[in-house]
Amino acid sequence: MRTHWLGWPFVACLIASASAEKVQPKAKADAKAKKPKAEKKPKEPKVDVTTLTADPKLAKADRIEGEELRGYVAFTFDDGPSPQTTPAVIDALEKYNVPATFFIVSQRLLGKNGEKSREVLQRQVKAGFTIASHSYSHPNLRGSNAAKLSLEVDEAIRILAKESGKLIGLFRAPFGALDATSRGWLKKRGLTEAFWSVDTLDWKANDSERLRKKTIGMILKQEGGVVLMHDVKPITAKITALVLDDLEAENCKRLADKKLEPILPVSIHYFIRDKKLQRPIPDEVKKQTDAYRAALPGRCAKRPAPPPAPAANPDPAVKKPPPAKSDKPLEPK
C-alpha cells in the first residue's frame with residue numbers, strides 16, 4: 001500500500017507536464033497572433049505625364065521632318081546613354097561647339113546597372129544638350145495596346161523627367177514606327193514626334209571612313225537637315241569628331257569663297273513648326289548659334305591650309321597636231 005501511495009506524486013507530475021506541453025504551443029500561437037503586422041506603405045500616385053511634357057519650347061508642335069529648313073543642321077543621337085561610347089560623342093560636340101539632341105531609352109537609367117548611365121545623362125544636361133525620349137525599352141510601337149504604350153511612353157517620360165530634371169517635349173519612336181493609335185497617344189500627352197532627314201544608317205556600318213564620307217556628303221547634298229546617329233555605336237563615337245571637323249572645313253571654304261552661306265549646326269529648336277510656321281527660337285538657343293557663327297572665322301584661321309587643287313587634266317578628246325613634214329627628201333639607204 002505504501003508503494004501505491006508513493007506513486008501518486010510521480011503520476012501527478014507526468015499529467016502536469018503533459019498539460020504544460022499542450023498549453024505552450026497555444027501560448028506561442030497567441031503571441032504570434034497578437035504581434036502587430038507591419039503596415040504596407042501606400043504606393044505613391046503616378047505623376048500626370050502631361051505635367052512632365054509641358055515644354056513650351058518643344059512640345060505640341062508639328063511632326064519634325066528635318067526638311068523644314070535649309071542651311072541649318074541639327075545632330076541627334078538615339079539609344080543612349082552608354083558609359084562606353086556616349087562620352088566620346090559629347091567630347092566631340094563640345095570641342096566643335098555644336099548643339100545636339102539625345103533621345104534616351106529610359107530603361108538604361110534604372111537600377112545599379114544604370115548608375116553610370118545616369119552620370120552620363122547628368123553630363124548631357126549640364127552641357128546644355130536637349131534631352132528627349134526614345135521609349136522605355138526600344139520596341140516597335142505599331143500595334144501596341146494601352147498597357148504597352150503606358151509603359152513605353154508614359155513610364156519612360158516619368159523616369160527620364162525625374163533623372164534629368166527636365167521637361168520632355170520630344171519623342172522619337174524606335175525605328176520611326178508609329179500607327180494611328182500610338183501617334184494619337186503621343187498627341188494626347190503633348191509630345192512632339194521627331195523624325196529625321198539624314199539617315200546615316202550608322203547602326204549597321206562597319207567601315208568608319210566610308211560612314212564619315214557618307215554622313216558629311218548627305219549633309220552637304222541636303223544643305224543641312226536633321227541627322228540621325230546612334231551614340232551607343234562605337235563606330236559613331238569614333239567618327240563624330242571627324243564629321244564635325246569636315247563640316248567646319250566646308251564652312252571655312254564657304255567663308256573664303258563667299259559664294260555659299262555656311263551650314264550652321266543648330267539645336268533642333270530651329271525645326272519646330274506650328275501648322276508649318278516656325279516657332280520663335282529661344283534666346284539661349286539663338287546665342288549658341290550666333291556664338292558658332294562669330295567664332296568660325298577665328299577657327300578657320302587656325303586650321304591648316306587646304307591642299308592646292310590638282311591641275312586640270314588636258315582634254316583627252318583634243319589631239320595634238322601631227323609634226324610638220326620635212327621638205328628635205330629622205331636619203332636612200
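Label region 50-101 by shape, choosing from rounded, prolate and oblate, from the square roots a ≥ b ≥ c of the eigenvalues of the Cα gyration tensor; if a/c is under 1.5 it is rounded, and otherwise prolate applies when a/b is larger than b/c, oblate when it is not. Oblate shape, in that a/c is at least 1.5 and b/c is the bigger or equal ratio.
When you filter the chymotrypsin sites (Phe, Trp or Tyr not before Pro) in region 39-126 for DSSP loop state and at most 14 other Cβ atoms inside 10 Å of their Cβ, nothing is left. Loop-resident GluC sites (Glu not before Pro) (DSSP state other than H, G, I, E or B) in region 53-153 with no more than 16 further Cβ atoms inside 10 Å of their Cβ: GLU65, GLU67. Listed values for region 205-214 are Karplus-derived 3J(HN,Hα) couplings in whole Hz (6.51 cos²θ - 1.76 cosθ + 1.60, θ = phi - 60°), namely 7, 10, 10, 5, 5, 5, 5, 4, 5, 5, and x replaces Gly and Pro. Could you work out the percent of alpha carbon pairs in region 49-301 separated by over 29 Å, rounded to a whole number? Here the long-distance tail beyond 29 Å is 26 percent of all Cα pairs in region 49-301. How would region 144-236 be classified by its alpha-carbon gyration tensor: rounded, prolate or oblate, with rounded meaning a/c under 1.5 and the a/b versus b/c comparison settling the rest? It is prolate, given that a/c is not under 1.5 and a/b is the larger ratio.
Taking amide hydrogens as placed 1.01 Å from N in the peptide plane, the amide H of ARG273 sits under 5 Å from those of ASP62, ARG279, each at least 5 positions away in sequence or on another chain. Here's how it looks for ILE104: its modeled amide H is under 5 Å from those of ALA132, SER133, HIS134, which are all 5 or more places away or on a different chain.
Computed about the Cα centre, the dipole magnitude for region 49-301 is approximately 300 debye when only Lys and Arg (+1) and Asp and Glu (-1) carry charge, each at its Cβ. 3J(HN,Hα) along region 127-138, derived from phi through the Karplus expression 6.51 cos²θ - 1.76 cosθ + 1.60 where θ = phi - 60°, amounts to 6, x, 6, 7, 10, 9, 9, 10, 5, 7, 9, 6 Hz, with x in place of Gly and Pro.
Read-outs throughout are calculated quantities, based only on the coordinates presented, and are distinct from any laboratory measurement. Note that the structure is predicted; figures quoted are calculated from it, not measured. Quick reminder, even Gly has a Cβ in these numbers, built from the backbone with ideal geometry, and neighbours come from all protein chains shown.
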